[in-house]
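Taking it in order: structure first as structure tokens, then the write-up.
The values are calculated or read from the model by the stated rules, or taken from the named source; none is laboratory data. Note that the structure is predicted; figures quoted are calculated from it, not measured. We place every Cβ from the backbone using ideal geometry, glycine too, and count neighbours over all the protein chains shown.
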2 protein chains.
Amino acid sequence: MSDDVGQKKGLTRRGFLKSAGGVAAVAGMAAGVVAVGAREGAAVPVAMPKKWDQTYDVVVIGSGFAGLAAAIEAKNAGASVVVIEKMPVHGGNSIINGGDFCAPGTRLQKAAGVEDSADLMYKDMMKAGLYINNPELARILADNAREAIEWCEDYVGAKFTRLNFHGGHSVKRANQTVNASGSELVNKMLAKAKGLGVEVRTRTKMERMITNKDGRVVGIEVKTGYRYPDEKSGKTAYIKAGKAVVLTSGGFSNDIALRRIQDPRLTEKFGSTNQPGATGEALLAACMAGAMDVQMDWIQLGPWTSPDEKGFGHVPLFCERLVGYGPMIDPATGKRFFKETGNRKERADAIILLGHPVIIMGDSYSVPKQVFPNALEKGLQNGAVKKFDSLEALAKNYNIPLETFQKEISRWNSFVEKKKDDDFACMIFPDAKPTVAPPFYAARLWPKVHHTMGGLVIDKNAQVFGFSLKPLKGLYAAGEVTGGIHGAVRLGGVAMADCIVFGRIAGKNAAKETAWG
Amino acid sequence: MSDDVGQKKGLTRRGFLKSAGGVAAVAGMAAGVVAVGAREGAAVPVAMPKKWDQTYDVVVIGSGFAGLAAAIEAKNAGASVVVIEKMPVHGGNSIINGGDFCAPGTRLQKAAGVEDSADLMYKDMMKAGLYINNPELARILADNAREAIEWCEDYVGAKFTRLNFHGGHSVKRANQTVNASGSELVNKMLAKAKGLGVEVRTRTKMERMITNKDGRVVGIEVKTGYRYPDEKSGKTAYIKAGKAVVLTSGGFSNDIALRRIQDPRLTEKFGSTNQPGATGEALLAACMAGAMDVQMDWIQLGPWTSPDEKGFGHVPLFCERLVGYGPMIDPATGKRFFKETGNRKERADAIILLGHPVIIMGDSYSVPKQVFPNALEKGLQNGAVKKFDSLEALAKNYNIPLETFQKEISRWNSFVEKKKDDDFACMIFPDAKPTVAPPFYAARLWPKVHHTMGGLVIDKNAQVFGFSLKPLKGLYAAGEVTGGIHGAVRLGGVAMADCIVFGRIAGKNAAKETAWG
């Protein structure tokens, strides 16, 4: 923005402002407040707009679970509220998620006779997070998850009808929406928010956060009519946040540049299970306005995804039901290379270290027994799962050295027979049988980026914390854009609880913020 | 700084500048350039000084290995250079380190017949770093470490006389200074720098980085006559960096507030092996000027330190020679709790999870055999190591339940006899004997913070990278203040190589930077 102007060295601020009038990009700016630019140079101060195009008490960035929860609460607390969304459709990753909401002591748990407590959920989260979670935030999440799901049911009207289990939890506590998708909750929250008078604008992308001379966040610069991913599309506008901005822009699983800095292994060789807009520019814009980031290098990969289909796909459901029944093979050697029942991180790390996709396989006993017919059929249809009449045919297809492979399958089968894996200590389930009966089924596995645990530091009020080691006035955040709640590992089904609990806190507190002018 | 002024809402920039004249804190400021404040509020823009108190081409912050290497190279490239140091003495952590410089293919390795290569050192670093190291930077370090130590020997005149081994390295490659201390190199570099005409100022603390309207770093605000840790001491001054600032301010092992955000376990319950000034305010000031941080949550603890002595102390030398010979006991239960020969991180995590100090112990066979007499004597003198006539006396002193303890020692002794630990798979060394012969020796262990792997993102030129995802003009960095080179774990003896290699690169490139005005 001011890069052109900046070339004129030695300009005083006064001179800069005077000359700025002649530069198109800076037109409409006046003195007194600065904006900090994202991705357009370093912390570049830009004068605030002469005129704000719109004014709201609370400006929410992002229209997923956290953003909509914040918007509803802020509106109910008396604030005027706008929700902006850069994509052409609302809902972000939330609308494509599986709809599992972990909470302790829920109605579904009671109906199923599952004993659970906030304490137990907290302990599960801390253990999975390798105890580097922010304990205060994890506690708030666990303590408020039940009330949050009841708010979703009773106030929003979302339906949860089935109880699921996710690895790392001590009990079944994932309450699944009636359509096994986050869309049930997103769409009902959206209707509720609109009914309350919240404005929701798609194709509106935040470009910068605007801070005043105290460093208080006072509004944002946006592009309206933005057409993802065309960075030249859209028209600049300024939205004033009379009370606060709430950032709920999600994670950065699809931001290759940013994730490579944090975990250099995660090059373009890795896809993502996320929607394409899951990039980090809004998070970085907040950092440029003084917000502190934390634990950004903890990026979760799913080891069960396939390079032969897009996004999450069907192979995860094939793979995860087969581990403990069939072997995982490195096609370069024809041998097993890691414990099939290892956790997400261990398995993903092992595959990445090999540097190429591996194979998960089963036979005519294990596959029909374990894999949901629907997942198998869809995987076969899109070609990510393949069917073979013989081990020879399977080996030929994946270019596996046949002799070593046959020996390794015999070795695996001997472990299955004695129910003990001498090589990698894989759990072998009691009903597992040797992999001998054709047809054989196989799929290639290569990890995809699934969730970014790190993000902005927030306090118990969901207020963003700055590099100043103080709360950053005028800025709240919730959901995947924040960091520290899950520590090293975010457990399955906890993202929804995180978004609703902290989204609501952020919305309430944003509405209570003192107006700045 | 401008907080007071900020209270007057709605001031235009022009009005702000006018009124600023009347506010003491802003006196001396003029328009055109802003500084971003550290620890005094959020990214608060402050006008640049009317007048710079001093001007140098290159301003180096920190007087350890990296800072002095940068200063020497910048000076030799023709720049005028100042080194500022906030503490009353120069040298930071470098001057109290053990003087081990890891490099492949060194003179000492050749004399000892050790075969080594840059490739092997690179592989060791990546493996220890769990492969989240920035591979380009790790490669540069490994490739240039040998030339760097030869520069220290031949140009600086530092003496390295002994070859040591550190865990995680494939070969002996730690070249130890003649006095087993970093002071050998620090003092000789300091003399060299001064001889070349580099100014070195102690008690001078950087308060803010000053950036111009393009976001270029143009100088710093300092406190001269600063008396650590009195934040009210000292007088404000402005130092212009005509070409660049080089930040070599070290890690933040002693910064409780900052490390708690990154790894919430690391409360005030944890001491540090570092010098007291190892805090993060300079790193944070850089972030507030737009610099990006990375992997800040990887904070290395020494599991071998004692809460009964200050700093590094003598117990590490007692403990590390005893593992594999004597047991580590949880005094609360009287039982062992973890593999004594586990790595630093595993052991520290296990002790932290217990939540209280543990005991390492040996007897009259293992202790005199393994522990350097000097370390034992000093530990006994300061009371951190204790001597007991019987197991009963030992148990009584540490409040260990006697019966369980005695059983556990018998169990340990049975493992030592068969050279196989059935409980925790501790390595038991061939010459280990059962722990039976009084007197017994013991020390309490509680981890201390030793090294912060994370820090500012730099590129191959040691230029700092911004949240803009672009290099930040006018700012270079090297040493522990940077992040990503070591990934998850910094191996012993690699810090010196890191500081000299990247300090020299930073200094050369800072001197080559185009002057800004």
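Points worth noting:
- B:G334 crowded, with 20+ Cβ neighbours inside 10 Å, of a type in the set (G, A, S), over 29 Å from B:A488 (Cβ atoms) and over 25 Å from the mean Cα position of the chain (by Cα): yes
- In the stretch A:100-130, the residues that are buried (at least 18 other Cβ atoms within 10 Å of the Cβ), hydroxyl-bearing (S, T, Y) and out of contact with any strand residue (DSSP E or B) (no Cβ under 7 Å at 6 or more places or on another chain): A:Y122
- A single member of B:S117, B:S94, B:S170 is among the small types (G, A, S) and at pLDDT below 95, and it is B:S170.
- Checked against (1) over 20 Å from the mean Cα position of the chain (by Cα); (2) over 28 Å from A:P471 (Cβ atoms); (3) surrounded by fewer than 19 Cβ atoms within 10 Å (Cβ to Cβ), A:D143 meets all criteria but (2).
- Any hit, the stretch A:237-247, residues being closer than 27 Å to B:R259 by Cβ and either crowded, with 24+ Cβ neighbours inside 10 Å or within 13 Å of another protein chain (Cβ to nearest Cβ) (or both): yes
- Exclusive hit being farther than 17 Å from A:S249 by Cβ, crowded, with 22+ Cβ neighbours inside 10 Å and within 17 Å of the chain's Cα centre (by Cα), set A:V494, A:V481: A:V494
- Helices (runs of 4 or more DSSP H) (entirely within the stretch A:266-359) containing at least 1 residues that are within 14 Å of chain B (Cβ to nearest Cβ) and among the basic types (K, R): A:344-354
- The listed residues are B:S410, B:S414, and the only one of them that is under 16 Å from B:M361 (Cα atoms), outside any loop (DSSP other than H, G, I, E, B), more than 14 Å from chain A (Cβ to nearest Cβ) and among the hydroxyl-bearing types (S, T, Y) turns out to be B:S410.
- Selection from the stretch B:188-208 of residues that are assigned to a strand (DSSP E or B), of a type in the set (A, V, I, L, M) and surrounded by 24 or more Cβ atoms within 10 Å (Cβ to Cβ): B:M206
- Flag for B:G271 being surrounded by fewer than 24 Cβ atoms within 10 Å (Cβ to Cβ), in contact with a strand residue (DSSP E or B) (Cβ under 6 Å, 6 or more places away or on another chain) and under 30 Å from B:P49 (Cβ atoms): no
- A:K460 of a type in the set (D, E, K, R), within 14 Å of chain B (Cβ to nearest Cβ) and surrounded by fewer than 14 Cβ atoms within 10 Å (Cβ to Cβ): yes
- Residue within the stretch A:178-192 that is within 14 Å of another protein chain (Cβ to nearest Cβ) and of a type in the set (V, I, T) present: no
- Boolean, B:S170 is in contact with a Gly (Cβ under 9 Å, 6 or more places away or on another chain), among the polar types (S, T, N, Q) and either surrounded by fewer than 20 Cβ atoms within 10 Å (Cβ to Cβ) or not in a strand (DSSP E or B) (or both): no
- Flag if A:I505 is more than 14 Å from every other protein chain (Cβ to nearest Cβ) and either outside any strand (DSSP E or B) or surrounded by 23 or more Cβ atoms within 10 Å (Cβ to Cβ) (or both): yes
- Scope the stretch A:380-412; condition polar (S, T, N, Q), over 38 Å from the mean Cα position of the chain (by Cα) and exposed (fewer than 15 other Cβ atoms within 10 Å of the Cβ); matching residues: A:S390, A:T404, A:S410
- Search result, residues across the stretch A:467-491 that are farther than 16 Å from A:I299 by Cβ, part of a loop (DSSP other than H, G, I, E, B) and more than 13 Å from chain B (Cβ to nearest Cβ): A:A478
- Unmet criterion (only one of (1) outside any strand (DSSP E or B); (2) at pLDDT 95 or above; (3) crowded, with 19+ Cβ neighbours inside 10 Å; (4) more than 26 Å from the chain's Cα centre (by Cα)) for B:V218: (1)
For (1) under 23 Å from the mean Cα position of the chain (by Cα); (2) within 30 Å of A:L475 (Cβ to Cβ); (3) buried (at least 21 other Cβ atoms within 10 Å of the Cβ), each residue gets a yes or a no:
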position: A:L283; (1), (2), (3): yes, yes, yes
position: A:M288; (1), (2), (3): yes, yes, yes
position: A:D293; (1), (2), (3): yes, yes, yes
position: A:G302; (1), (2), (3): yes, no, yes
position: A:D308; (1), (2), (3): yes, no, no
position: A:P316; (1), (2), (3): yes, no, yes
position: A:C319; (1), (2), (3): yes, no, yes
position: A:L322; (1), (2), (3): no, no, yes
position: A:G326; (1), (2), (3): no, no, yes
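- Cβ separations smaller than 7 Å between residues 6+ apart or across chains give the following pairs from the stretch A:123-141 residues that are within 11 Å of chain B (Cβ to nearest Cβ) and in contact (Cβ under 8 Å) with a residue 40 or more places away in the chain to residues that are crowded, with 23+ Cβ neighbours inside 10 Å and of a type in the set (A, V, I, L, M, F, W, C): A:M126/A:A138; A:N133/A:M125; A:N133/A:I485; A:N134/A:I485; A:L137/A:I485; A:A138/A:M125; A:A138/A:I485.
- When the stretch A:64-99 is limited to residues that are buried (at least 24 other Cβ atoms within 10 Å of the Cβ) and within 17 Å of A:I220 (Cα to Cα), the one that is farthest from the chain's Cα centre (by Cα) turns out to be A:V81.
- Summed over the stretch B:360-403, the residues that are in a strand (DSSP E or B) and more than 26 Å from B:G492 (Cβ to Cβ) give a count of 3.
- Failed item in (1) closer than 22 Å to B:T482 by Cβ; (2) modelled with pLDDT of 95 or more, with B:T55 passing the rest: (1)
- Residues that are free of Cβ contacts under 8 Å to residues at least 40 places away in the same chain, surrounded by fewer than 19 Cβ atoms within 10 Å (Cβ to Cβ) and in a loop (DSSP other than H, G, I, E, B), drawn from the stretch B:146-167: B:G157, B:K159, B:F165
- Residue match in the stretch A:425-436 (condition: on the phi > 0 side of the Ramachandran plot and in contact (Cβ under 8 Å) with a residue 12 or more places away in the chain): yes
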